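Asks: The structure that follows is given in the form of structure tokens.
The values are calculated or read from the model by the stated rules, or taken from the named source; none is laboratory data. Keep in mind that what you see is a predicted model, and the values were worked out from it rather than measured. Cβ atoms come from the backbone with ideal geometry, glycine included; neighbour counts cover every protein chain shown. Side chains are part of the model used for accessible areas, which takes the heavy atoms of the whole protein and leaves out ligands, DNA and RNA. Shrake-Rupley method; radii C 1.70, N 1.55, O 1.52, S 1.80 Å.
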Amino acid sequence: MPIITPAKAQLEYDVAIIGSGAGGGQMAYTLTLAGIKCVMLEAGRSYDPQTETPMFMTGSQAPLRGAGTPDKDFGFYDATIDGGWDVPGEPYTQASSKKEEQFWWWRARMMGGRTNHWGRISLRNGPYDFKPRSRDGLGFDWPVTYAEIDPYYTKVEMLIGVYGTNSGMENTPDSPEGVLLPAPKARLSELVSQKFGKKLGIPFMPIHRAVLTKPLDWLNIPKKLHPGNQWAQKIVADSMMRRAPCFWATDCGRGCSISANYQSTTVHLPPALATGNLDIIPNAHAREVLVNDEGKATGVLFIDKTTGKEERIKAKAVVIAASSGETVRILLNSKGGKGIANSSGLVGRYIMDTVGTKVTGHVPILENVPPHNEEGAGGSHTYAPWWGYKDQAAGKLDFARGYHIEMGGSRSMPIGNNPVPDDLVRGSYGKKFKQDMRRYYGSIVSYACRGEMIPNEKSYCELDPQVKDKWGIPSLRWHWGWSEHELNQAAHARRTFTDLIESMGGTVRHDKTEAARDYIEPGGKIIHEVGGAIMGADAKTSVCNGWNQTWDVKNLLICDGSPFASNADKNPTLTIMALAWRAADHLIEQAKQGNL
Amino acid sequence: MTSPSDFTPLFSRRQVIQMFAAVSASFGITPQANAATVGVADTFAKGYGTDPTLTKLYKPGDVWPLTLNAEQLRTVTALCDLILPADDLGPAASAVGVPQFMDEWISAPYPLQQEDNPVLLEGIAWLNTEASKRFSKSFAELDAPQQATIADDICHITMAKPEFREAAQFFERFRSRAAAGYYSTQEGWKAIGFVGNITSATFDGPPAEVLKLLDVEQTVK
């Protein structure tokens, strides 16, 4: 595998890609299979899911029984290494001391980035989601339509493998027949939610997740993905063959040693490396995109973290896919801090996260259920897509955009924490306590709002005038603010979930006197930040065009969530990959015409 | 991404540092004032860092030194087994390493655990003082009914008399941590009714008897 040190790098590459996650992985995949020579810079260390994933490890084998700590925020066995809400030596700052004006920035410094631990929820944006301003006058339209992105959603779904069903619901697109893998059976709490949700008009149904519920059709899919390119077909078929379907154990958040779920490190990077057209330099912390006097990108200046020295690589085109915050930081730090691709002044502007709030309830009908295996596909099986488009169109709701519901409540593996809220046992101990624990385990359900945030002027990031990271590179400073749309949406979700739990005879576990400002999750907390280099129809009001190309630097592409002009309730990763594939195709086309 | 636990909040390092500062202040802990208590930023043992090996087996004491002396460990063991005794659902807490886990927990160089440290150590000392007052013995030396007379006074935080309120806070926290330790083991899984961590060719969803019990049907065919 050509994972190299800077000393082994070639003199020049066709394309340099910053970041190895969903966007960088997809670019590397598409470009290298078209014969383009790429180098990828990853700020973290190399990582091998096959040998490093703690499959089947139990809490009793981990420090603190696997409980989360500031070193491993989401638990000892979470796949994220060298990452979290804070990364040692790489500070970020807040412009305001007020909690509601602060941004939580999750980073993962590792090969594959956040794709190693993500929830694998893979939802398509719908037609409305690309033209939100045209519908309700708020935010921005994208310069692309659903019809243009649709074929790329299909390609990505075929490549990574996504389970789910077609719902036929408004603005919740179906995939072509035969593309989705079979949805896993619903768990008990999911079926109960579905039954009671129906009475309230909440449509619980199979979610879409990037987990193989059966082997991928490696005989036929590669032909559809790479028509006329038999070499690419063979490489992709070989890679698909090596992926095993889910064996229905182990949380996906740990990563997957059998490659049953999508992570860049098991799905995008292996075929890209197999082409021989990709070199990956880990521990390469990008500082600047280098540009020449004509304003064209010529390469990347980075710190080799193993030596602390500055290094340069040359390329005919540069792709940044470092995640919104880091991408903004690289753009603004380029040209020695003067910034590039910023004639609009919009680099760093319109950062969006997902609106999050959660309601947890104790549901007595789920007490004392006979033990049975509910591990399933290592994550969610069921969700409710947004069902309120008609009400919004009729002006019945006090918020403009939708949310979907993600739910928890299975009899999942107890690890690190008390599996039952202590107050339920009413002071018991001894034999009675053990009976109580068995009684209440599995009787807790939770519903999470995942809603669309409308871009606003208050939510952005910029270079901090003073603070630098340990290599002397200026850090980011964050600004944040919600509008009434998000707060009202969170309030609607809270009421809806409370009604649902109470309709089951359950009791919610929150203080009903709280206001939306208290229970909306802080900005960044859902780890869906997008924007900061939004795409648009002209260079004055956007940073990128509809091909993820920056207006100012034509051979610079941004292929993570930064170009998103809106942040639909649909989780961003699938859209990042679809846009990246399309951008790569466009770049290949331009290269053929000699336009690079 | 959803946080992995509904019951334990996740804190940012910033929050945690603030929280810890508050806790230190409230307990008046400084290295000089209480050398036996690990608990101030300067004296932090090293944690496992941001890139620990995830696939090896760890046991308490492997990553940071433990705290409890023999007498304290006896008290912790007695209380663990009083809360989680051997019965038809499974072994006692001490048979699956819960006392050692409790020691590891209060010794850990992380803010949540540092916050627990004085609460649990002071609670353990209180138990022995109370046992001595009532029965002239240490808590571990008491027989089960004697232990119960103390436990009954402090086991329910909302029912505890004012003079036992602080001890009840300790008991609640101890019970919750001991449950975390116990139910994270395979024996604990059996006791609580968790089934899983085994490969399977198919996922069949809840069995028919369970569906019937809740009056639902499997809707994914």
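Asks: So for B:Arg134, A:Arg517, A:Arg45, what's the accessible-area order with a 1.4 Å probe, most first?
Replies: Details: B:Arg134 80, A:Arg517 130, A:Arg45 60 Å².
Ranking B:Arg134, A:Arg517, A:Arg45 by accessible area, largest first, yields A:Arg517, B:Arg134, A:Arg45.
Asks: Over chain A, what is the relative contact order in whole percent, taking alpha-carbon pairs under 8 Å and six or more residues apart? Display every interim value, and only then the final one.
Replies: Numbers: 1404 pairs, mean separation 135.6, N = 596.
Reported as a whole number, the value is 23 percent.
Asks: If you don't mind, there's one more thing I want to ask. Given q = 0.08 Å⁻¹, what are the Debye log10 I(q)/I(0) values for the protein assembly as shown, with equal point scatterers placed on the Cα positions and solvent ignored?
Replies: -0.69
Asks: To continue, here is another question. Please tell me which of these pairs span more than 19 angstrom C-alpha to C-alpha: A:Lys470/B:Lys46; A:Lys37/A:Lys314; A:Lys72/B:Lys46; A:Lys554/A:Lys592; A:Lys155/A:Lys224; A:Lys223/A:Lys316?
Replies: In this structure, A:Lys470/B:Lys46; A:Lys223/A:Lys316 exceed 19 Å between Cα atoms.
Asks: I need to check one value: relative contact order of region B:47-193, counting alpha carbon pairs closer than 8 Å and at least 6 residues apart, in percent. Before the final figure, lay out each step's value.
Replies: Numbers: 147 pairs, mean separation 36.1, N = 147.
It rounds to 25 percent for region B:47-193.
Asks: Would you work out the relative contact order for region A:69-187, in percent, from Cα pairs under 8 angstrom that are 6 or more residues apart?
Replies: The value is 17 percent.
Asks: Let me ask something else. At q = 0.18 Å⁻¹, what is the log10 ratio I(q)/I(0) for region A:404-474, with the Debye formula run over Cα points and no solvent?
Replies: Listed by q, the Debye log ratios stand at -0.80.
Asks: Moving to a separate point now. Show which lysines lie in cross-link reach of B:Lys137 when reach means a straight Cα distance below 29 angstrom and same-chain residues fewer than eight apart are skipped.
Replies: A:Lys431, A:Lys432, A:Lys434, B:Lys161
Asks: For region A:148-227, go through all pairs of different Cα atoms, get the mean of 1/r, take its inverse, and jot down that Kirkwood value in Å. Walk me through the numbers before you get to the answer.
Replies: Details: mean 1/r = 0.0709 Å⁻¹.
Radius from the Kirkwood sum: 14.1 Å.
Asks: Does anyone have the angle between helix A:431-440 and the longest principal axis of chain A? Alpha-carbon axes, 0 to 90°, nearest 10?
Replies: 60
Asks: Going by average Cβ neighbours within 10 Å, how do the peptides A:406-418, A:432-444, A:83-95 rank, with the highest at the top?
Replies: Most protected by this proxy first, the peptides run A:406-418, A:432-444, A:83-95.
Asks: What per residue convex hull volume, in Å³, do the alpha-carbon atoms of region B:47-193 yield? List each step's numbers first, then the result.
Replies: Values: hull volume 18.3 nm³, N = 147.
Spelled out: Cα convex hull of region B:47-193, divided by residues, is 125 Å³.
Asks: At 222 nm, what value in deg cm²/dmol follows for chain A if DSSP H runs of at least 4 each add -39500 (n - 2.57) and the sum is divided by all its residues, to the nearest 500?
Replies: -7000 deg cm²/dmol
Asks: For a quick check of understanding: with a 1.4 angstrom probe and all protein chains in place, what accessible area in square angstrom does B:Thr199 have, to the nearest ten?
Replies: 80
Asks: Could you work out, residue by residue across A:434-441, how many beta carbons of other chains sit within 10 Å of that residue's beta carbon, and then give the average as an integer? Could you put the intermediate results ahead of the total?
Replies: Numbers: counts 15, 4, 0, 9, 6, 2, 1, 5.
The shielding value for this peptide is 5.
Asks: Over every pair of different alpha-carbon atoms in region A:262-311, take the mean of 1/r and invert it; report that Kirkwood radius in Å. Before the final figure, lay out each step's value.
Replies: On the way: mean 1/r = 0.0771 Å⁻¹.
13.0 Å is the Kirkwood radius here.
Asks: Over region A:522-566, how many percent of alpha carbon pairs lie in each 5 Å bin up to the one with the longest distance?
Replies: 6, 26, 29, 19, 9, 8, 3, 0
Asks: Would you mind pulling out the separation of the Cα centroids of region A:1-54 and region A:321-394, in Å?
Replies: Comparing the Cα centres of region A:1-54 and region A:321-394, I get a distance of 26 Å.
Asks: Oh, and also: Leaving ligands, DNA and RNA out of it, report the carbon-plus-sulfur percent of the accessible area of the protein assembly as shown at a 1.4 Å probe.
Replies: Working: 15410 of 29760 Å².
After summing per-atom areas, the C and S share lands at 52 percent.
Asks: Another question, if that's okay. Mind ranking A:330-341, B:102-113 by how tightly packed they are, going by the mean number of other C-beta atoms within 10 angstrom, highest first? Write out the running numbers ahead of the final one.
Replies: Values: A:330-341: 19.7, B:102-113: 23.8.
Output ranking for A:330-341, B:102-113: B:102-113, A:330-341.
Asks: Something else now. Using a 1.4 angstrom probe and counting only protein chains, how large is the accessible area of A:Tyr519 in Å², to 10?
Replies: Result for A:Tyr519: roughly 30 Å² accessible.
Asks: What average count of beta carbons from other chains do you get within 10 Å of the Cβ of residues in B:186-193?
Replies: On the way: counts 3, 1, 8, 8, 2, 6, 12, 11.
If you average over the peptide's residues, the count of other-chain Cβ atoms is 6.
Asks: Which of the lysines could a cross-linker bridge to A:Lys458, judged by Cα under 26 Å and excluding same-chain residues fewer than eight apart?
Replies: A:Lys98, A:Lys99, A:Lys131, A:Lys338, A:Lys358, A:Lys468, A:Lys525, A:Lys540, A:Lys570
Asks: DSSP loop GluC sites (Glu not before Pro) in region B:131-221 with at most 12 other Cβ atoms within 10 Å of their Cβ, which ones? Intermediate results must be reported in sequence, preceding the final value.
Replies: Working: sites: B:Glu141, B:Glu163, B:Glu166, B:Glu172, B:Glu187, B:Glu209, B:Glu217; in loops: B:Glu217.
Listed in order of number, the matching sites are B:Glu217.
Asks: Just to be sure I understand: of the beta bridges DSSP finds with both ends in the protein assembly as shown, what percent are antiparallel, rounded to 5?
Replies: On the way: 49 of 74 bridges.
In the protein assembly as shown, approximately 65 percent of DSSP beta bridges are antiparallel ones.
Asks: What whole-number distance in Å separates the alpha-carbon centres of region A:257-303 and region B:191-207?
Replies: With region A:257-303 and region B:191-207 each reduced to a Cα centre, they are spaced 39 Å.
Asks: When Lys and Arg each count +1 and Asp and Glu each count -1, what net charge do the other residues less than 11 Å away from A:Val162, Cβ to Cβ, add up to?
Replies: Working: positive: A:Arg120, A:Arg124, A:Arg209; negative: A:Glu157.
Once positives and negatives cancel, what remains is +2.
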